[in-house]
Amino acid sequence: MAAEKSPRVLWPLLLEEIRACQKCGLCQGRTQAVPGEGNVLSPLLFVGEGPGAREDATGRPFVGAAGQLLDRMLGAIGLVREQVYIANIVKCRPPGNRAPTPDEAAACLPYLRAQVALIRPQIIVCLGATPARYIMGEDTRVTRDRGKWLERKGVRLMCTFHPAALLRDESKKRPAWEDFQAIRDALHTLKLNTEEEP
């Protein structure tokens, strides 16, 4: 993709490329690819693991029970999904909702990197172990590292529990709520800093 083209021009080309992708075996079982959705100008990007059955059917990320919980969590910090961007490590559903293999993730990660380059988020939140490992580092452990900020190339990174984990284990809801409060506070700080710029 030519660097001189604007993000507005490049974005539809990227989505088209994702939807036609055949770089790994996941394409063979998909109903449709799930590139992601939301505000491409948002300072906040959420990254999950991969599409589930509902996402594969609709072409939209986080639309099942976990997605409904994510919407409620966003609402609790004063946001709606249309204000953020939501993507996944892999854009096609792994069979049985298993975690993507390293080869599958490696084939798909260039698409996520291209999305990050176009969106230019200032905060990236990894939802669960898989995105945390690929974005924050192989040794990242959500139970140990959740809620801690890491900064890389001017972007603040945090991992927290995947909403599906909260549905399975209610004891994780309080720490996840603490993480979302920290996300809210970080966004507020960004807004204040932007307002102070001449």
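Tabulated results
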| item | result |
| --- | --- |
| Single unsatisfied condition, Phe62 versus (1) open to solvent by less than 50 Å² (accessible area, probe 1.4 Å); (2) in contact with a strand residue (DSSP E or B) (Cβ under 9 Å, 6 or more places away or on another chain); (3) assigned to a loop (DSSP other than H, G, I, E, B); (4) more than 27 Å from Glu178 (Cβ to Cβ) | (4) |
| Test: Arg54 is open to solvent by 20 Å² or more (accessible area, probe 1.4 Å), under 15 Å from the mean Cα position of the chain (by Cα) and of a type outside the set (A, V, I, L, M) | no |
| Test: residue in segment 76-95 that is part of a helix (DSSP H, G or I), over 25 Å from Asp169 (Cα atoms) and either among the polar types (S, T, N, Q) or open to solvent by less than 10 Å² (accessible area, probe 1.4 Å) (or both) | yes |
| Those residues of segment 122-136 which are out of contact with any strand residue (DSSP E or B) (no Cβ under 6 Å at 6 or more places or on another chain) and among the small types (Gly, Ala, Ser), in sequence order | Gly128, Ala129 |
| Complete set of residues in segment 95-111 that are touching a Leu at 6+ places or on another chain (Cβ under 9 Å) and under 26 Å from Glu82 (Cα atoms) | Cys108, Tyr111 |
| Filter result for the condition that a residue is over 17 Å from Gly48 (Cβ atoms), assigned to a helix (DSSP H, G or I) and at pLDDT 95 or above, over Arg144, Arg156 | Arg144 |
| Options Asp139, Asp185, Asp179; residue that is part of a loop (DSSP other than H, G, I, E, B) and charged (D, E, K, R) | Asp139 |
| Residue satisfying condition, being in contact (Cβ under 8 Å) with a residue 12 or more places away in the chain, open to solvent by less than 10 Å² (accessible area, probe 1.4 Å) and among the small types (Gly, Ala, Ser), within set Gly36, Gly29, Gly48 | Gly48 |
| The one condition in (1) open to solvent by 30 Å² or more (accessible area, probe 1.4 Å); (2) within 24 Å of Glu16 (Cβ to Cβ) that Arg146 fails to fulfil | (2) |
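Here's the yes/no breakdown for (1) in contact with a Pro (Cβ under 8 Å, 6 or more places away or on another chain); (2) of a type in the set (A, V, I, L, M); (3) open to solvent by 40 Å² or more (accessible area, probe 1.4 Å):
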| position | (1), (2), (3) |
| --- | --- |
| Pro102 | no, no, yes |
| Ala105 | no, yes, no |
| Pro110 | no, no, yes |
| Arg113 | no, no, yes |
| Ala117 | no, yes, yes |
| Ile123 | yes, yes, no |
| Cys126 | no, no, no |
| Pro131 | no, no, no |
| Met136 | no, yes, no |
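The values are calculated or read from the model by the stated rules, or taken from the named source; none is laboratory data. Please read these numbers as outputs of a predicted model, since none were measured by experiment. When we count neighbours, we look across all protein chains shown, and the Cβ atoms used for this are built from the backbone with ideal geometry, even at glycine. Surface areas here come from the heavy atoms of the whole protein model, side chains and all, with no ligands, DNA or RNA. Shrake-Rupley method; radii C 1.70, N 1.55, O 1.52, S 1.80 Å.
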